[in-house]
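The values are calculated or read from the model by the stated rules, or taken from the named source; none is laboratory data. Keep in mind that this is a model prediction, so the values were computed, not measured. No Cβ is skipped: glycine too gets one built from the backbone with ideal geometry, and neighbour counts run over all protein chains shown.
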Amino acid sequence: MLISDSSYKWAAALLLCTTIAAGAGAVYLNNRVNTLEADYQRALGELESFTATVDIMIDYGNGTVAWFNGTMIGAGESLLNATRRVAELDYTVFEFGAFVDTVNGVGGETDKYWLWSYYDDGWQTGSVGADQWRLHDGDAAAWTYTGFS
């Protein structure tokens, strides 16, 4: 069975139409992806004004030290809440603030405690409970499991 010339013409026209439609769809989708990428970048820029990046160090007192650099937190978030983002904490709240009992299951010894400090031209011991210390973009804070010496 032979295919007529008009059938070839119709098949060619159909292929041409589907190629044009596919090209138009590709152009549309590419434009849509570019628009969404621009919206995403704008949203990230706006989000940065509501967030801060901090570094948190945990010294378990046995030679093990873990750094959590570039931890994203809400602007003005407390050290306690920021630490809860990177570690499992047990703590007790007193009138002066929160006292951390354990970090990732380490703690509870009668002669040791968790001490926090912040970096400001050297490590400075925290003067309030960790729930009252507000972090800012670029801050570094440390938790150290230590004892009375």
VAL100 vs (1) surrounded by 14 or more Cβ atoms within 10 Å (Cβ to Cβ); (2) assigned to a loop (DSSP other than H, G, I, E, B): all pass except (2)
What number goes with the only condition from (1) among the aliphatic types (A, V, I, L, M); (2) part of a strand (DSSP E or B); (3) under 13 Å from ALA142 (Cα atoms) that ALA82 does not pass?
-> (2)
Please state which of the following conditions ASN62 fails to meet, knowing it meets all the rest: (1) modelled with pLDDT of 90 or more; (2) under 28 Å from ALA82 (Cα atoms); (3) under 21 Å from the mean Cα position of the chain (by Cα).
-> (3)
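Within the range 9-66, track down each residue that is closer than 30 Å to ASP120 by Cβ and in a helix (DSSP H, G or I). Quick ask: steps written out before the conclusion?
Quick first cut of the range 9-66, residues closer than 30 Å to ASP120 by Cβ only: 44-66.
Once the filter is applied, which keeps residues that are closer than 30 Å to ASP120 by Cβ and in a helix (DSSP H, G or I), the range 9-66 yields LEU44, GLY45, GLU46, LEU47, GLU48.
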